[in-house]
Amino acid sequence: MDTSTAATPASSSTDIQLPINLFTRNPSHTIPSSTYLLPSSWRRFQLSSLINKVLNPNAPIPFDFIVDGELLRGSLEAYVKNRRGGDMESTLHVEYVESLLPPKEQGTYPQDDWVSGVSIKRPGFILLSSYLSHAKIIPLTHPTSTASDDAQPPSITLPLPTRLGSTCTSWLSPHPSHEAYDPSAPILVGAGGVDRQTHIFSIPSDRLVDLASHADPSAGCKEIMTLHLHTGPVSSLSPSLDYSKVLTSSWDGLLGVFKLPTREEPLEERHEVGPEPGSYLTGVDRRSKKRRLNVKDATATETPNGEQANGLPAANSGGYRKSPEMVLRGHNGRIGGSIWDKEQAGTVWSAGWDGSVRGWDVESGGCEVVKQGPQERAALCIDQMAGTRSLVTGHMDRVVCLWDARESASVISLTLPTSAATPSVTAHPTSSFTLATASYSGHLQIWDVRSPKQALFSVKKQPRKDNKIVGGGTGERLLSVDWDGEVMIAGGEDGEVGVWSARGE
Amino acid sequence: MKKQRPATNAVASSSSTSASGLGKKRSRKQQVAEESEEDDELSGVVGSGKQVDNEQVDEIDLEEDEEDDEFEIDTGSSNGDLDDFVVADEDEDDVEDDGDLADSESEEDSQAGLDLDDEEGYNSSDIDALDSEAEEDEDGVLTPATSLGSSSDLDKLIKKHTSKPSESEWGTDKFSSAKEGSGRLRKSRFVEGSWVREYEEFEAGYGSESSTEENTNTIGNIPIEWYDDLPHIGYSVDGKRIMRPAKGDELDKFLATVEDPDSWTTAEDKLLQKQVQLSDKELDIIRRLERAENPDAGFDNYQSTIEWFTGKGNEMVMPLTNRPEPKSRFVPSKWEHKKVMKIVKAIREGRIIPNRPPVEKPKVYAIWSKEDQERTPHAMYMPAPQLPPPKTVESYNPPEEYLFDEQEKAEWEAQEKEDRKLDFEPKKYASLRTVPGYEGFVQERFERCLDLYLAPRTKKVKMNIDPESLVPKLPSPKELRPFPTTSAVQYRHPASSRVRCVSVDPRGEWVASGSEDGVVRVWDLGNGREVWKWPLKMGAVQSVEWCPNRDESVLAATVSGRVYLLSPLALVSPTVAQTTLTHLNTAFASSSASTAQNEPRKAPDAKWVRPTEDERDRGILVIVEVAGTPKHITWHRKGDYFSTVAVDAANKSVLVHQVSKHQTQSPFKRTKGSVQRVAFHPTKPHFFVATQRYVRLYDLVGQQLLKTLMSGLKWISSMDIHPGGDNLIIGSYDKKLCWFDLDLSSKPYKTLRYHTKALRSVIYHRTYPLFASASDDGTIQIFHGTVYSDLMQNPLIVPLKVLRGHNIKDGLGVLDVKWHPTKPWLVSSGADGEVRMWT
C-alpha cells in the first residue's frame, strides 16, 4: 500500500459513486457514522487515508477493510462486480480494522525428527517436543536460517523414557511476568508421550537466565513426575491458571487433572501407582526391550545424540509415578485437545473426535456443557479467544470452528474454511479477533474472525531442503503452532521449527 | 222346455236312489253356492255330477246294462248332447236362469221370485226350497229299490243307509231321466238277448228351423265345389247319401223363368244346391231393406212411452235404496293408505322433494345447436375443430391489396398445391350475384370423404411423459454428506515401494500397512506418524488385517508361506496387551504337547510356530506356516477365527484358523475353480467364497451350500459383505462392480461400471451407508448405498465422488481401501507407495 501512488481519488469525472457505510469495533478509531459516496475506483489505500484524514492521528494508521466477512483486496468496483453482481446502488457496509503486517519469517531451527508440539509461552525460549522422544528448550535469540549450520544453539534436552515419541509439550511454571512467578522455584516442563504417560521435568531455576554459559545445559534437568492415567497416547497438556494443576487429555477419551508441586505443597517423593510392565513376556526386562526398540527406530531416524539414552540416567529412570486428582470422563473416542478456561478458574474445555466440545468443572468433575457438533467433524485442537471467551477448534475436515462458550446451548457460531486439516490453533493472547492456525498443507494462517471467509494472511512454510526425516513426499505438514502476539513459531513433519514475527493487534 | 219339467222331475224322483239323497242335497247346496259365485264353473260341476251318476249305475242297477251302454255312448257324445242331457235336471234350470237374465224374466211368477232371490245372492229361502225338493226325491227313491227285490241288493241298501255315507260319494247328481224306465223296452236288433229302450217321439220344442227341415245340409260350412264331382252332398242321419237335387240346364232355367210366374222370387240356396222360393215374409223383409227400414215387420217405430218409474202413481217415495252403506264408504282405505305411505317414504328418502324450485329454463338459448349445453362425457365424443373466422381475403369483394398481381399470381400458380399459402385465388366481384359456383366443391368433398374413410376418427391416447421423469430420482450427493472428498493425511513410506494392503484398527486410532519391502508399519491415523514397524523380511506383505475385537490388538499379516499374528504391545494399554497375549499364547502350552501326537498322522493344513523370544518381545506373537502364498485374510467378527486364501495352494487354498486353539482346518476338500476371496457372514455362521466367476454361500454349521451367486463377471478380484448381511459387493478385474441383494436373486441387483481399469478392492463402511471401490486407474469411487430395513425397498445406490490422488505406477493404481470404523474416512494404499486418508 505504501508503494501505491497517492493518486487523487477523483481521477476521472465519470467515476461511479458508491454509497459506503464505514464502521469499526475499535472505539478509539470511530468516525461519524454516515453513508459516504465514494468513487468506485478507490482501493484500500484511499479508504485508509480517508479515515486517517477524519481521525487525524499523530502518526498515520494503516487500516484494512472488511466487506461481508471478506478482506477488501482490490478496488471497490472490482468487489462490487465480482461479489455483488454489479449492484452499484445498495450501500456497502465496510468494517475497517487496523492493518496488520504480514508475518515475516525470522529463521528456522532444524530438529532431528518430527516436531509434534511447540510452545512460546515463556518469552525468549522455544519449547518443543519431538517424535525423537524428547522435549527441548531452545533460546530464541539465535535463529539459524540455514539448516546446514553445524553450530547447534545451546539447548536443554529433556528425554522421555520411551522411544515411541512425544506428542505435546507445555511450560508448567509461570513465566516471570506472571503473578505466581517464583524466581527460586525450579522451572517445570511437561511432555506427553505416545507411551500414554505425561512426563514432568524440572529445570533449575537459574538455568534459563544464561543458557549459553553452561557447558552442558541439560545437566541437572530431570524428570520428577510421571503421570499415569491414560490408556492411549497423550494428546495435550496444559497448566491451570495458577499453575497448581496440570490437565492432560488422551486418545482414550479421558481427561486427567494432576497436582503440580508448588511452594506450599512440594513434591511428594513417593510412587502412587505401580510401574507399567516393561515387557509382557517373562524373562525380558524393560531395558532389553528398549534396546530393541532403539534398533527398530534406528532404521527410521538416526539419533544424533546417541548418548541420550544413557546420558541422563536420572531422567531415564522416570519420575515419581503419580495418579490423577480428578478424572473427567465423557468423551467418546480420542480427545483432540483440552485447555483451561482463560478467565474462569476451575473450568476446563475439551474438544474430541466425536465432534463435541465439552466444558468441565474440575472441582466436581462433572461435564457441565456439551456442545455436540456433527459426528464426523473430529476436532484436533482447541483454544480460547482472549476477550470473548469463545472457543476455537481446528478440525480434520478442513474447518476452524468458533463456539460461544458463554451460552451453553449454542453450537458452532462461526466456521472458517481452511485448506487442509488443522491440527493446531492458537488464539492471540490479547486480541479477541485474531488467531493463527497451522494446517497439514503447510500453511500458517492468521485469521480475523470479522473476516471469516478469508484468512488475513496465509504463509506457506517452505519445507526443509535436505529432508532426511521424511521418507516420501515433501514433508510440508505442520503439526503445531504457537503465537505470543509478536512471534509465531510452528513445527511439523520436516523437523524444523520456523519462527515468524507477526503482530495480531 | 218349461212344459217338460214336471215330467222329468217326476221321473227323476221316482228313479233316484235313497242312497244318493243326502249326497244330492249336499251337492245341490254346494252347487248353488258355487253358482252364485261363478257361472263359469258350470260345465265342471255338471261333469262331476255326471260321473257320479255313472258309478251309481254300476253299483245299483245291474239289470239295466243296456241302458248303461246307451249312457256310455251319451257321455262320449259332444257337449251339445250333454247340454240336452243336463237340461232335464231342474237345478240346471236355475243355472240357466243365472246365465241368461232375459230368460228368467219371461218365466213364471213363482219361479221369478226365486230367481230374484238368486240374483240378490245367497238366500235362506232358496235352501228351504231345495230341502223340500230333496225330501220329495227321497220318497220316490224307495219304489224302484223295492221293485228290484234282490236280497243282496237290499242288504247293500240297508248298509248304506245305516252307515254314514262317505264324503267322497257326494254329488250323485242326476241329470237324465233316460234310465228311469220311461221308455219302452224292446229286444235289441244287434245284440242277442239284450234290451233296448225305445222312447216316444220327442218334440224338441225349441223350434230350430234347420232341425225340422228335411234336407238339411250335413256337410257343414265348406266350399260346395268340393262336392262338384260327387253325386251327393253329404250323408243323412241314417248314413245314406243325400243326393244332389236335380239341376236343370240353362234352358230349363230359362223356361222356368218364362213358365213359372214365381220364378223371379226364387233364389238359389248354395248350401242346398237348389232354387228356393222366397216366402212373402222374406220378400217383405227384402222390400223393407230396400226402403232402408227396420226389417222386422212388427217393429213400431213410434212406440208410446211406457212409464215404469215416472208418471202418475209411479213416483218413488225414496229415491235411494235402503241398502246399508257399503263398508268401503266409511272404513279408511287400505289401498289408499299404502299409496300415501309410498309417497311418504319417497319424501323421507329424498326421492320426492316437496316445494322444489322449478328448474328454470334459460331465457336465451341456441335453437339449432346444443354446443352451449354441457355434454355427458363420452369416450367417442370428439368435437370438430373450430374453423377460423373468415378473413378479408376470402371476401367476394376484397380490397385491392389482397388481389394478386401478375407476379404473385405466377408465383401462386408455380407453387405446389400443398405449399400454397392460400388455397384459392382471391378475386373481386362487383356483387354477390356475380360470384360463380365454387368449382373445387366436388374435389373438396371427395377429399373430405377420403379423409373420413382412410382416417377413422378414433381417440389417440398419446403418452405424454417427460423422459426425465422416468429416470429414478437420485438424491444429490450434497444431501448424502458426509463422505470423503479430499486427501487429509498421508502415511509416507520411506521407499516408494508398493503398499499392497492397509487396515484400520477397530478403535480407529492406528493404521497398519504392508508394503512390498516386507515391512508392516503401524501409523498414527490422525497425523500420519509411523509409530511401529515389523520388518518381516519374508518378501512382500500380501495382506494385513486388524482383529475386529476391540479388547485386543492383533494384526494379522501374510507373506509368502506364512501368516503372522502381530501386536504393537508398546502402543496399547497394559490390559489390552495382556488380553491379547493370553488369547494368542494359551494354546502354545497344549499344542506343544499335542504336536507330537499329531505329527505321525497326515501332514497338517498349517503349522503354528512359536517365534523366538526376541521376535515375541517385538510383538510378533504367532507364526502360522501355510502352503502357498496367502493373499487375503479375513477375520470373523468375534476375532477368534480368521480365514486365509492362497490361490496357489490348490485344494488347501482356503484355510480357517482358530487363534485360541492354534488350529487350522481346510473347510473344503476340493474347491470348484480358484478361490479369490472369502468372507464371514457378519451375523450368521455362513461363509462366502468367491471364485473367479461365482460367489458361493456355505452354511458352516450345516456344512452345505446355500446359494450360488452368478456374477456375470470374468474374474472377481474382491468382495465385501454389507454389515447387515443381506447385501454384498464384488469388484472384478473386468472393471465392474456388482451389488448383490441376497434376498432378491442370484443375479446382481446392480452392476456399476465407472472405473476404466480393473478393480482392486471394494469395501462397505461399517456404520455409514457408504461403499468404496479402488481401481488400477488410480481413482477411488465413493458410493452411497442405503440398505432399507423394509424388504420391499431396493437398496439405493448413488455415486458420490471420485477421489483422485494416487499415481499409476506400472499399470497399478490403488491397491487397497479400508474405511475408518466410525468416521466417514477412507484409507487407501497405492502402487506409488502412498497411503492416504481421505476425509
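Any read-out appearing in this document is the output of simple, stated calculations on the displayed coordinates, not a laboratory observation. Predicted model only: the values in this text are computed from it and were never measured. Counting neighbours? That spans all protein chains shown, and the Cβs are built from the backbone with ideal geometry, glycine included.
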Karplus 3J(HN,Hα) series, Hz, for region B:684-694 with 6.51 cos²θ - 1.76 cosθ + 1.60 (x for Gly, Pro): 9, x, 10, 9, 9, 10, 9, 9, 4, 10, 10
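Between B:PHE330 and B:GLU468, what length comes free when the chain is fully extended (0.36 nm per residue of separation minus the Cα-Cα distance, one decimal in nm)? Could you put the intermediate results ahead of the total?
Numbers: separation 138, 0.36 × 138 = 49.68 nm, distance 8.37 nm.
Taking B:PHE330 through B:GLU468 to full extension adds about 41.3 nm, to one decimal.
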Amide H contacts under 5 Å for B:SER553, placed H, 5+ residues apart: B:THR580
Compactness relative to 2.2 N^0.38 Å, alpha carbon Rg of region A:104-501: 0.93
Linear extension gain, B:TYR402 paired with B:LYS478, 0.36 nm per residue minus alpha-carbon span: 21.0 nm
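By average Cβ neighbour count within 10 Å, what is the ranking of B:510-523, B:434-447, B:793-806 from highest down?
Numbers: B:510-523: 24.9, B:434-447: 9.6, B:793-806: 17.4.
Taking the mean over residues of other Cβ atoms within 10 Å, the ranking is B:510-523, B:793-806, B:434-447.
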Charge context of A:ALA455, other residues only, Cβ under 15 angstrom, K/R +1, D/E -1: +3
R0 of 25 Å, Cβ-Cβ distance B:GLN277-B:ILE306: FRET efficiency to nearest 0.05: 0.05
Cβ-derived FRET efficiency at R0 45 Å, B:LYS342 paired with B:THR321, nearest 0.05: 0.80
Integer Hz, Karplus 6.51/-1.76/1.60 couplings in order for region B:561-575, x for Gly and Pro: x, 9, 10, 9, 10, 10, 8, x, 4, 6, 8, 9, 6, x, 5
Relative contact order, percent, region A:17-98 [alpha-carbon distance under 8 Å, six or more residues apart]: 42
Inter-label distance, nm, simple model (7 Å from Cα along the C-beta direction), B:ARG766/B:PHE254: 14.8
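Around B:VAL522, what is the net charge, scoring Lys/Arg as +1 and Asp/Glu as -1 over all other residues with Cβ under 9 Å from its Cβ?
Summing Lys and Arg as +1 and Asp and Glu as -1 gives -1.
Nothing charged except the Cβ atoms of Lys and Arg (+1) and of Asp and Glu (-1): what's the magnitude of the dipole of region B:218-290 about its Cα centre? Round to the nearest 20 debye. Display every interim value, and only then the final one.
On the way: 10 positive and 16 negative charges, 68 e Å.
About 320 debye.
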Residue-by-residue Karplus 3J(HN,Hα) for region B:226-236, coefficients 6.51, -1.76, 1.60, Hz, glycine and proline x: 4, 9, 4, 8, 9, x, 10, 10, x, 10, 7
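For region B:477-838, build the convex hull from the C-alpha positions and give me its volume per residue in Å³.
Once divided by residue count, the hull of region B:477-838 is 131 Å³.
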Set B:LYS672/B:LYS735; B:LYS736/B:LYS818; A:LYS461/B:LYS809; B:LYS370/B:LYS459 screened for pairs whose C-alpha atoms are more than 27 Å apart: A:LYS461/B:LYS809
Per-residue Cβ neighbour rank within 10 angstrom, fewest leading, B:ARG507, B:ARG500, B:ARG351: B:ARG351, B:ARG507, B:ARG500
Within-10-Å neighbourhood charge of B:PRO506 [Cβ basis; K, R +1; D, E -1]: -1
In nm, spacing of pseudo-spin labels at B:SER263 and B:SER369 (7 Å Cα→C-beta vector): 8.8
Relative contact order (%) - criterion: Cα under 8 Å, at least six apart; region: chain A: 12
Shielding by partners, peptide B:610-622 (average Cβ within 10 angstrom, other chains): 3
Potential extension, B:ARG610-B:SER573 segment - 0.36 nm per residue separation minus Cα distance: 11.0 nm
Nitroxide proxy distance, nm - points 7 Å out along Cα→Cβ at B:PHE299 and B:ARG670: 12.9
By average C-beta atoms within 10 angstrom, highest first, the peptides B:243-252, B:327-336, A:69-78: A:69-78, B:243-252, B:327-336
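Across peptide B:831-838, what mean number of C-beta atoms from other chains lies inside 10 Å of a residue's C-beta?
Mean partner shielding for this stretch: 1.
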